[in-house]
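Values in this text are rule-based calculations from the coordinates and carry no lab data. Computed from a predicted model, the values in this text were never measured in an experiment. Please note: Cβ atoms are built from the backbone with ideal geometry, for glycine as well, and neighbour counts cover all protein chains shown.
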Amino acid sequence: MAKIKKDTNLRKSILQAAITGQLISDVEGETKTGKQLLDKIIEERNAKLLADWEEAKKKNPKAKKPAPIVVNEIAEDEIPFEIPENWCWCRLGEIINYKMGKTPPRAESEWWGTKEGTPWISIADMVSDGYINTTKETMSSKSVKEIFNNNISKAGTLIMSFKLTVGRVSILNIDATHNEAIISIFPFIETDNILRNYLFKILPIISQNGETKDAIKGKTLNSSSIYNMILPLPPLAVQNGIVAKLEEVLPLVDAYENAVLQKEELKNALPDKVKKAILQEAIQGKLTEEWRKTATIEETGKQLLDKIIEERNKKLLADWEEAKKKNPKAKKSSPIAASEIAEDEIPFEIPENWCWCRLSNLCNLYTGNSINETEKKLKYTNIKDGWVYIGTKDVGFDQTINYDNGIKIPFEKDTFRIAPKNTVLMCIEGGSAGRKIAFTNQDVCFGNKLCCFNPYKYEIEKFLFYFLQSTVFTDAFKDNINGIIGGVSINKIKEMLFPLPPLAEQEKIVEIIERMLPLCEKLGG
């Protein structure tokens, strides 16, 4: 049995994973099979043929009874790859009906419409894997009636090219006609458009596997090869799951594919561009757009912010009560409130259940302690027990930290500031300001050119880590650099805006990012 060839193109690799059953695991609770679905489609088609024949007999008692449709056997050597046991192979023509289009005579203007005419689609109008809202040309009412017999494909119809650019698919958002190089596809089973949406996602890769791959060399499909195209058929629930997963992942692929300009740029610059595009979509809530439609989110970003501020105020009050035991005149701190944010400060729209806040609302931000080279050598070298001391040079541009630099601060030195485990360190002064950033995996002491972003509470540090690498933050950081050495003050950073999602959505965003970023790194190899 032949195997699908490995493809370096990420989109194709993901689609191949989808059609081989590797993209998602079995849908929980799913007991039906692809074979049962195929049998149901064939059964319903035969029931329709029989009903049509009974109707025809009322007008013509001699109307011939149609032969029942049966599933065409698929030979072993036709099967291109393995699929899960509860899927089955079928032929495209067994599960869909389709119709071809026409092109009215070009020489006669009476066939072609005005702006108000019926849309007519050519392959040039088809956005790959997209939806069609407008067309360059339209048909006159005469053309629609006499050439198309008023047979218009309705909005929601799946169409596919089968000549030249074989396998390009689109879904109509308008009622339209199309040319003879395109077919309208009508699945025989219409349950919530699940089968249509599944075909929409997989036909581009199916149509270019096996013998039909020759289509990209200028050959075309015909009525027979369209009908006999074999494809894997999962149960409907699995189809739905595959589509949902593709809608979650493919926008990330689009983010970097749109950035590709040329081969060398792809090799040398694309990983960084892709990463920036992914992070930008992450902090705008676009990565989790589909996830939000089905997720149950019990707490909004605003409620999370209110909870953080409430607990900060409780801590201030508790600290004041403790301080009064030593000094009855200790001054009570003013309660903290969420910072006001003007409309013109907001850089982009975020989902309704997110909220904007300032970094100072979420984090305790502070720089570390400065120690000179003499102190390092005389006081803090070869200390056995203590905190590792991290300087700017110990933070790599690859987001790693060198913990084996031989410099430690004794534990009894309580005058040194600590960056706790699982907090972010960023260089905010000097040539690497805003460019060096890392996540700590242990408690460390750190230098005065590094800033610790230490969340007051709750596990927002991972989402924060990726936000600090986004173009929105890095651009704002660059705009605030000043001074001879070049740096940004803590007070300026505290005022910078932060889009706060609910915790559950933060976790989902981080999960998606950490699944995609390793793929970005491979692009430059």
Among the lysines, select those whose C-alpha is under 18 Å from the C-alpha of K163, and discard any that sit fewer than 8 residues away in the same chain.
K99, K102, K213, K217, K219
Just one of (i) 23.4, 78; (ii) 31.0, 109; (iii) 22.5, 73 is Rg and Dmax of the Cα atoms in Å as worked out from the coordinates here. Which one is it?
(ii)
At what distance in nm do the modelled label points of N72 and N491 sit from each other, each positioned 7 Å from its Cα along Cα→Cβ?
7.7 nm
In degrees from 0 to 90, rounded to the nearest 10, what is the angle of the helix 194-206 Cα long axis to the longest principal axis of the chain?
90 degrees
Helix 301-326: inclination vs the chain longest Cα principal axis, degrees, rounded to 10, gives 10 degrees
Over 27 Å between Cα atoms, which of K379/K449; K286/K462; K245/K275; K58/K145; K273/K462 qualify?
K58/K145
Quick one: length gained pulling D385 to D479 fully straight, 0.36 nm per residue minus the C-alpha distance?
29.7 nm
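Considering Cα pairs under 8 angstrom that are at least six residues apart, work out the relative contact order of the chain and quote it in whole percent.
Numbers: 847 pairs, mean separation 67.7, N = 525.
Contact order relative to length: 13 percent.
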Round to the nearest 10 and give me the degree value, 0 to 90, for the angle of helix 10-19's Cα axis relative to the longest principal axis of the chain.
60 degrees
Nearest-0.05 FRET efficiency for E44 and K154 at R0 = 22 Å, using Cβ-Cβ distance, is 0.60
